[in-house]
Amino acid sequence: MTETAAMDRLRIEPSTRVLLHDLGTRRDRDEWIVGRMATRTFVALPAAGARAVELLGQGLSVARTAEALREETGEELDITDFVRDLAALGFVARIGDCPVPDAVPPRASLPWLRPRAVRLALHPALAVLVAVLLTAAVAVLVRRPDLVPGYRDLLWSPHGSLVLLTGAAAGWALLFAHELAHLVTARAAGVPGRMRLGTRLQFLVMQTDISGIELAPRRHRLTAYLAGIALNLSVASGLVLVLALTDTGTTVHRVLAAALLLALLPLPFQCMVFTRTDLYFVLQDVTGCRNLYGDGLAYARYRFRRLLRALHPGAPRSGPSHSDAPHPAATGDPSTRLPPHERRAVRLYSCVLVAGTVACLAFMAAVTLPADLTLLVRAARGLGPDHGLARNADSAAVLVTLGGVNVLWLVTRWRARRARRSAGRS
């Protein structure tokens, strides 16, 4: 029996009272965000819906809740169906005397990290410290332009395998620290958070799910979103200050310069908001959109279908027959159901989404994929007893580093697709 069928079998009478799980609420413009932190499930409700949750949580029966809302709003609301919807979301612990089946909550990363232990991550003084450090680094670079990093700084050693392996190690360490910054600031706000690998188009990324931050104040939300960028800037600023104290041409100076460039390299990627980077969540929060990426993708698909129909007006349309065709609103512009401020943001974002995705995939096809294949083929040919130790070491380093990243991307992508299919069947 599916979970939906189980919900339908629950008897809900006018006199029924429900027991809700511990829920959090926050007003956002004309709506309320209501959610359960344990399961990372959140929903936007109108004021009447949030009031219904409050009344049900106070122990009022279904009939009494409906009566109270009618007196307050003058509207007739179907509280029975509303309770079923709340139960389907996992917000209801018991209906009458019947317990409601509960989902297993997702595991949090580093569960031993308590909010009280990291509460300073949200202190305003920390942002001031980052700003001071960044200002000092910029001042040093203005006085010492020779410290501005370039691509040659990555080639700090004549041994390619050493450059590749140390670069990969430093890059992954910085990536982990970047995501850890998100996790720590979210945990300070009471959000569990979970770090895992993911993919964004052709990119292998580490991402931190901080679902639940929606209930936090705006300053805490923005701090959690920008914590990773602040970490990279802080590391880079600290390296600039240390570089200014070291002698140029030394191995230590070259290594520090390479580390500085590695700390800065992820920052341009954050501007690619069409891949749901950190700045994407800032943009979504500032514009007040609920699902900027999903709504933008739906609008882009709608515009693409309209373009196809304009180019081929006589082409037959596949889909349901006239008798079971959906309402025109369901097949029309999906952005019309959004509030005006969201509608404008979604339409503009859809342009960025399409242009950025096309540019990224084109760059992969024209540059990244051919380069990777060339390097892998050369590395494979460089292995064997006919080549020296240095050539074999370089080839093995390329195969392990570059080949390993590509295999990890494929495995991560496959697992994500399998998880989505499993969720769709459940």
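Just to be sure before I move on: is His341 not in a helix (DSSP H, G or I) and not hydrophobic (A, V, I, L, M, F, W, C) in the structure I sent? Criteria not met by His341.
Among the residues of segment 248-275, those that are under 30 Å from Glu342 (Cα atoms) and in a helix (DSSP H, G or I) comprise Pro266, Leu267, Pro268, Phe269, Gln270, Val273, Phe274, Thr275.
Given the condition over 22 Å from Leu279 (Cβ atoms) and surrounded by 11 or more Cβ atoms within 10 Å (Cβ to Cβ), answer yes or no: does some residue in segment 337-358 qualify? Within segment 337-358, one or more residues are over 22 Å from Leu279 (Cβ atoms) and surrounded by 11 or more Cβ atoms within 10 Å (Cβ to Cβ). Looking only at residues in segment 93-107 that are at pLDDT below 90 and under 18 Å from Met37 (Cα atoms), which one is surrounded by the most Cβ atoms within 10 Å (Cβ to Cβ)? The qualifying residue surrounded by the most Cβ atoms within 10 Å (Cβ to Cβ) is Val100. If the condition is being of a type in the set (Gly, Ala, Ser) and outside any helix (DSSP H, G or I), then segment 357-385 contributes Gly382, Gly384. Would you mind stating whether Leu231 is touching a helix residue (DSSP H, G or I) at 6+ places or on another chain (Cβ under 6 Å), crowded, with 17+ Cβ neighbours inside 10 Å and in a helix (DSSP H, G or I)? Taking the combined requirement at face value, the residue satisfies it. Condition first: surrounded by fewer than 18 Cβ atoms within 10 Å (Cβ to Cβ) and within 17 Å of Arg152 (Cα to Cα). Now tell me which residues in segment 239-252 satisfy that. Correct list: Thr248, Gly249, Thr250, Thr251, Val252.
Against the numbered list (1) at pLDDT 80 or above; (2) within 16 Å of Leu162 (Cα to Cα), Arg417 comes up short only at (2).
The sole residue among Gly59, Gly90 that is crowded, with 18+ Cβ neighbours inside 10 Å and out of contact with any helix residue (DSSP H, G or I) (no Cβ under 7 Å at 6 or more places or on another chain) is Gly90. Only one entry in Thr374, Thr368 is among the hydroxyl-bearing types (Ser, Thr, Tyr) and either surrounded by 11 or more Cβ atoms within 10 Å (Cβ to Cβ) or assigned by TED's automatic domain parsing to the domain that holds Leu162 (or both), namely Thr368. Here Ala137 passes the criteria (1) in the same structural domain as Leu243 (by TED's automatic domain parsing); (2) crowded, with 16+ Cβ neighbours inside 10 Å; (3) small (Gly, Ala, Ser); (4) over 30 Å from Leu164 (Cα atoms) except the one numbered (4). Pro158: of a type outside the set (A, V, I, L, M), assigned by TED's automatic domain parsing to the domain that holds Ala230 and out of contact with any helix residue (DSSP H, G or I) (no Cβ under 8 Å at 6 or more places or on another chain), yes or no? Criteria met by Pro158. Look at (1) without any contact (Cβ under 8 Å) to a residue 60 or more places away in the chain; (2) within 14 Å of Glu13 (Cβ to Cβ) and you find that Ile95 fails only one, number (1).
Considering only residues of segment 168-218 that are basic (Lys, Arg) and within 23 Å of Met272 (Cα to Cα), which is surrounded by the fewest Cβ atoms within 10 Å (Cβ to Cβ)? Filtering segment 168-218 for residues that are basic (Lys, Arg) and within 23 Å of Met272 (Cα to Cα), the one surrounded by the fewest Cβ atoms within 10 Å (Cβ to Cβ) comes out as Arg218. Looking only at residues in segment 98-137 that are over 29 Å from the mean Cα position of the chain (by Cα) and in contact (Cβ under 8 Å) with a residue 12 or more places away in the chain, the one that is farthest from Ala224 (Cα to Cα) is Cys98.
For segment 72-87, a residue qualifies if it is of a type in the set (D, E, K, R) and either surrounded by 12 or more Cβ atoms within 10 Å (Cβ to Cβ) or assigned by TED's automatic domain parsing to the domain that holds Ala230 (or both), and the qualifying residues are Glu72, Arg84, Asp85. Right, Ala393: in contact with a helix residue (DSSP H, G or I) (Cβ under 7 Å, 6 or more places away or on another chain), under 30 Å from Pro106 (Cβ atoms) and surrounded by 11 or more Cβ atoms within 10 Å (Cβ to Cβ) or not? Against the criterion (in contact with a helix residue (DSSP H, G or I) (Cβ under 7 Å, 6 or more places away or on another chain), under 30 Å from Pro106 (Cβ atoms) and surrounded by 11 or more Cβ atoms within 10 Å (Cβ to Cβ)), Ala393 does not qualify. Just one of the listed residues (Ala177, Ala181, Ala188) is within 30 Å of Gly35 (Cβ to Cβ), touching a Pro at 6+ places or on another chain (Cβ under 8 Å) and at pLDDT 90 or above, and it is Ala188. None of Arg219, Arg200 is modelled with pLDDT under 90 and charged (D, E, K, R) except Arg200.
Criterion applied to Val398, Val352, Val346, Val405 was being within 19 Å of Val163 (Cα to Cα), touching a residue at least 40 places away in the same chain (Cβ under 8 Å) and under 21 Å from the mean Cα position of the chain (by Cα), and the one residue passing it is Val405. With respect to (1) within 28 Å of Thr41 (Cβ to Cβ); (2) surrounded by 12 or more Cβ atoms within 10 Å (Cβ to Cβ); (3) out of contact with any helix residue (DSSP H, G or I) (no Cβ under 6 Å at 6 or more places or on another chain), the lone exception for Arg116 is condition (2).
Scanning segment 276-312 for residues that are assigned to a loop (DSSP other than H, G, I, E, B) and of a type in the set (Lys, Arg) returns Arg276, Arg290. The residue that is surrounded by the fewest Cβ atoms within 10 Å (Cβ to Cβ), among those in segment 1-22 that are modelled with pLDDT of 90 or more and either small (Gly, Ala, Ser) or assigned to a strand (DSSP E or B) (or both), is Leu19.
The values are calculated or read from the model by the stated rules, or taken from the named source; none is laboratory data. What you see is a predicted model; the values in this text were computed from it and never measured. Positions of Cβ are backbone-derived with ideal geometry, glycine not excepted, and every protein chain shown enters the neighbour counts.
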